[in-house]
Amino acid sequence: MNRELALSELTPAYAEALRLRDQGVGHAAIAARLQLPVEAVPNLLELAQAKLDTMLAMPEVEAD
């Protein structure tokens, strides 16, 4: 699975947080965009990255 497809399968908050981080956006701006306390952003990013990594590590199933 490619990264963009995997991101599209995450929850919108997880996907947006990771995309913003990848663009170099700081925690305060991510928090404002997602309407979260800034203290929640590191944990959100950690969880989102873990889910993304798990999805990317899964073997792809080929259709017949």
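The values are calculated or read from the model by the stated rules, or taken from the named source; none is laboratory data. As the structure is a computational prediction, the values presented were derived from the model and not from experiment. Note: ideal-geometry Cβ built from the backbone for every residue, glycine included; neighbour counts use all protein chains shown.
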request  = Identify, from the list Leu56, Leu34, the residue that is at pLDDT below 95, more than 9 Å from the chain's Cα centre (by Cα) and of a type outside the set (Gly, Ala, Ser).
outcome  = Leu56
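Those residues that are closer than 20 Å to Met55 by Cβ and in contact with an Asp or Glu (Cβ under 7 Å, 6 or more places away or on another chain), I need them from the range 1-35; list them, please. Give the steps one after another, and end with the answer.
Filtering the range 1-35 down to residues closer than 20 Å to Met55 by Cβ leaves 1-22.
The answer is Met1, and nothing else.
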key: Evaluation of Glu60 against (1) crowded, with 17+ Cβ neighbours inside 10 Å; (2) outside any helix (DSSP H, G or I); (3) among the charged types (D, E, K, R) (one fails), failing number   = (1)
